[in-house]
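A short worksheet on the structure shown next.
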Amino acid sequence: QVQLVESGGGLVQPGGSLTLSCAPSGSIFGINTMGWYRQTPGNQRELVASISISDSTNYADSVKGRFTISRDNAKNMVYLQMNSLKPEDTAVYYCNVHVFIGPTPYNYWGQGTQVTVSS
């Protein structure tokens, strides 16, 4: 089964920047969209940004203008450039790959990487 390996999380000061990367550890087929979600303790996992096979993008209102999602189709990697970080961006960030296995939709998830924005 495909494993998603995330990297780039860490501790930054408010106003700082981080770039998250996500790479499948094995072959992946039928990719529809790739994206990033985040979750804080006691809360629902929420969409941060996604990018489709046609390179259309979708962002949460809270991150528009600050975050940029991109992908490398040759490597099946997805990135999240995060600028002007705020304390409320603190969360565990999860890579997501949405695929169709034949006609069946399925989501692959990474283990999560911690992003902490604090002074």
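The values are calculated or read from the model by the stated rules, or taken from the named source; none is laboratory data. Source: prediction; values computed, not measured. Every residue, glycine as well, gets a Cβ built from its backbone with ideal geometry; the counts of neighbours run over all protein chains shown. Calculation scope for accessible area: heavy atoms of the full protein, side chains included, ligands and nucleic acids excluded. Shrake-Rupley method; radii C 1.70, N 1.55, O 1.52, S 1.80 Å.
Can you tell which of Q114, Q81 is open to solvent by 80 Å² or more (accessible area, probe 1.4 Å) and either part of a strand (DSSP E or B) or within 15 Å of T19 (Cβ to Cβ) (or both)? Full working, then the answer.
Working: Q81 fails: open to solvent by 80 Å² or more (accessible area, probe 1.4 Å).
Being open to solvent by 80 Å² or more (accessible area, probe 1.4 Å) and either part of a strand (DSSP E or B) or within 15 Å of T19 (Cβ to Cβ) (or both) holds for just one of Q114, Q81, which is Q114.
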Residue in the stretch 31-42 that is within 13 Å of W109 (Cβ to Cβ), out of contact with any Ser or Thr (no Cβ under 7 Å at 6 or more places or on another chain) and either open to solvent by 30 Å² or more (accessible area, probe 1.4 Å) or part of a loop (DSSP other than H, G, I, E, B) (or both) present: yes
Every pair of residues 6+ apart whose Cβ atoms lie under 8 Å, when the first sits in the stretch 17-29 and is touching a residue at least 60 places away in the same chain (Cβ under 8 Å) while the second is open to solvent by 60 Å² or more (accessible area, probe 1.4 Å) and among the charged types (D, E, K, R): none
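What residue, of S27, S70, S62, is part of a strand (DSSP E or B), among the small types (G, A, S) and open to solvent by 30 Å² or more (accessible area, probe 1.4 Å)? Walk me through how you get there before you give the answer.
Numbers: S27 fails: part of a strand (DSSP E or B); S62 fails: part of a strand (DSSP E or B).
The conditions single out S70.
To keep it simple, each residue is scored yes or no on (1) free of Cβ contacts under 8 Å to residues at least 40 places away in the same chain; (2) in contact with a strand residue (DSSP E or B) (Cβ under 6 Å, 6 or more places away or on another chain); (3) within 19 Å of V97 (Cα to Cα).
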{"residue": "L4", "(1), (2), (3)": "no, yes, yes"}
{"residue": "W36", "(1), (2), (3)": "no, yes, yes"}
{"residue": "S54", "(1), (2), (3)": "yes, no, yes"}
{"residue": "A60", "(1), (2), (3)": "yes, yes, yes"}
{"residue": "K64", "(1), (2), (3)": "yes, no, no"}
{"residue": "K75", "(1), (2), (3)": "no, no, yes"}
G10 open to solvent by 40 Å² or more (accessible area, probe 1.4 Å) and not hydroxyl-bearing (S, T, Y): no
Scan of the stretch 92-111 for residues that are open to solvent by less than 80 Å² (accessible area, probe 1.4 Å), at negative phi and not hydroxyl-bearing (S, T, Y), ordered by number: V92, C95, N96, V97, H98, V99, P105, N107, G110
Residue within the stretch 53-61 that is β-branched (V, I, T) and touching a helix residue (DSSP H, G or I) at 6+ places or on another chain (Cβ under 9 Å) present: no
